[in-house]
Amino acid sequence: MKTVGILCGGGDAPGLNAVIRAVVKYGAGQLGWQLIGIEDSFNGVFEHPFRIQVLTPVSCRGLLQRGGTILGTTNHGDPFHYEGGHDYSLNVVRGLEQLGIEGLIVIGGDGTMAICQELIERHGLKIVGVPKTIDNDLYATDVTFGFQSAVDCATDALDRLHTTAASHDRVQVLEVMGRDTGWIALHAGMSGGADVVIVPEIPWEAERVVRKIEERKAIGRPFSIVIVAEGAVPTGEALVPGKAGQRVVEAIERLSPGAEVRLTVLGHLQRGGSPVAFDRLLATRLGVGAVDLVQAGRWGEMSRLKNGRIDGVPIREAISMLRRISPDDELVRAARATGIEFGG
Ligand code: F6P
């Protein structure tokens, strides 16, 4: 019997459980594998005692719509730099040997995939990846699961901010996640009717943001909605972590003294809760794709969606660069064409 391990790495994202369910239903239910779930990323297999779960189609019932991950995850799970920089990577190898695990399916973002590549190159581990992140910044896949759930959450927040902004003639600023990229801000901003969308890929100028707010006032729209990605920076300035939205608020208040401005930081609401239907479907397809890669012996590859189809790509290639918004992207053009101001 083939024994395969499965674990999650990095931050959680809606759809992790749906991937686990698909892998278990197909791998264990149909192909007869033994599936061992490893808890809390790689930590569950190099810390003692091991933290594992034998996963079966019965134990994985009801997982499709459940948020979070039944296996737990951590972004302090890099075995090469564990707690103060110790290299525990050989313990991962030994742990897997002890458990009789032939290879791993690892669900993670770019950081986790980089760890996988190092484990492959330095210790010859057999790993197949599944791309996850709400940030949607993995270039090798058209989209990562979790992203659409985050976008829907941010869009719902914009809808709510709209009604209160309009009632009070206020400027409502919503800060969203995305790390170094602005995909959540752009998609939610366009879907939620934001007037200003501020993303890391396009540095912003306060004058342009305020001009847009003033133009709206002049045409009888005395309120405005601004969405800002957490990694956004004013032109010529450095990032101040945790302050992206606050800086926009302060800039508007400075240049438009009468304006009533309010800030909402959406935070981890974007990562919690049930995956939306799109992410359940994508997670299921990526999970099945990962099992197919293992069956075909295509270790070292990551399951991904490319041009609407699931296939595999070497993890090495998948982590070679980030997917960022290009200022001449069709999406940016459509946003500008419908009156959205980017501040730059
Ligand atoms: O990468 C996913 C993400 O949610 C980013 O958007 C965000 O910058 C980061 O993780 C937050 O990490 P933590 O959960 O450790 O605060």
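The values are calculated or read from the model by the stated rules, or taken from the named source; none is laboratory data. Computed from a predicted structure; not experimentally measured. Glycine also receives a Cβ, built like all others from the backbone with ideal geometry; neighbour counts cover every protein chain displayed. Note: accessible area is taken over every heavy atom of the protein model, side chains too, but ligands, DNA and RNA are not part of it. Shrake-Rupley method; radii C 1.70, N 1.55, O 1.52, S 1.80 Å.
I need a count of the residues in the stretch 127-148 that are more than 30 Å from LEU96 (Cβ to Cβ) and away from the ligand (no atom under 12 Å from the Cβ). Let's see the steps before the verdict.
Step one: filter the stretch 127-148 for residues more than 30 Å from LEU96 (Cβ to Cβ), giving 136, 142-143, 147-148.
From what is left, the residues that are away from the ligand (no atom under 12 Å from the Cβ) are 142-143, 148.
Residues that pass the stated criteria total 3.
Suppose we filter THR163, THR181 for residues that are among the hydroxyl-bearing types (Ser, Thr, Tyr), more than 15 Å from the ligand (Cβ to nearest atom) and within 30 Å of ARG216 (Cβ to Cβ); which single one remains? Walk me through it before giving the result.
Details: THR181 fails: more than 15 Å from the ligand (Cβ to nearest atom).
That would be THR163, the only listed residue that is among the hydroxyl-bearing types (Ser, Thr, Tyr), more than 15 Å from the ligand (Cβ to nearest atom) and within 30 Å of ARG216 (Cβ to Cβ).
Filter the stretch 65-106 down to the residues that are over 15 Å from LEU35 (Cα atoms), assigned to a loop (DSSP other than H, G, I, E, B), open to solvent by less than 50 Å² (accessible area, probe 1.4 Å) and in contact (Cβ under 8 Å) with a residue 12 or more places away in the chain and list them by number.
Listed by number, the residues that qualify are GLY67, GLY68, THR69, GLY72, THR73, THR74, GLY77, ASP78, PRO79, PHE80.
Six or more apart or on different chains, Cβ under 6 Å: which pairs go from a residue in the stretch 328-344 that's in contact (Cβ under 8 Å) with a residue 12 or more places away in the chain to one that's in a loop (DSSP other than H, G, I, E, B) and surrounded by 13 or more Cβ atoms within 10 Å (Cβ to Cβ)? Could you list them?
Pairs that qualify, where the first residue is in contact (Cβ under 8 Å) with a residue 12 or more places away in the chain and the partner is in a loop (DSSP other than H, G, I, E, B) and surrounded by 13 or more Cβ atoms within 10 Å (Cβ to Cβ), are PHE342/ILE202; GLY343/GLU205; GLY344/ILE202; GLY344/PRO203; GLY344/GLU205.
Only one of (1) among the β-branched types (Val, Ile, Thr); (2) within 16 Å of the ligand (Cβ to nearest atom); (3) open to solvent by 40 Å² or more (accessible area, probe 1.4 Å) fails for VAL151. Which number is that?
Against the list (1) among the β-branched types (Val, Ile, Thr); (2) within 16 Å of the ligand (Cβ to nearest atom); (3) open to solvent by 40 Å² or more (accessible area, probe 1.4 Å), VAL151 comes up short only on (3).
Taking GLN246 and the conditions (1) over 14 Å from GLY343 (Cβ atoms); (2) out of contact with any helix residue (DSSP H, G or I) (no Cβ under 7 Å at 6 or more places or on another chain); (3) open to solvent by less than 10 Å² (accessible area, probe 1.4 Å); (4) not aliphatic (A, V, I, L, M), which numbered condition does it fall short on, given that it satisfies the others?
The single condition GLN246 does not satisfy is (3).
Out of (1) buried (at least 23 other Cβ atoms within 10 Å of the Cβ); (2) more than 16 Å from the ligand (Cβ to nearest atom); (3) farther than 18 Å from PHE147 by Cα, what's the single condition that is false for LEU31?
(1)
Please verify whether ASN43 is within 16 Å of the ligand (Cβ to nearest atom) and either on the phi > 0 side of the Ramachandran plot or not charged (D, E, K, R) (or both), treating the condition exactly as stated.
On the way: within 16 Å of the ligand (Cβ to nearest atom): yes; either on the phi > 0 side of the Ramachandran plot or not charged (D, E, K, R) (or both): yes.
Yes; evaluated as a whole, the condition is true for this residue.
Looking only at the stretch 118-148, which residues are open to solvent by less than 20 Å² (accessible area, probe 1.4 Å) and assigned to a helix (DSSP H, G or I)?
Correct list: LEU119, PHE147.
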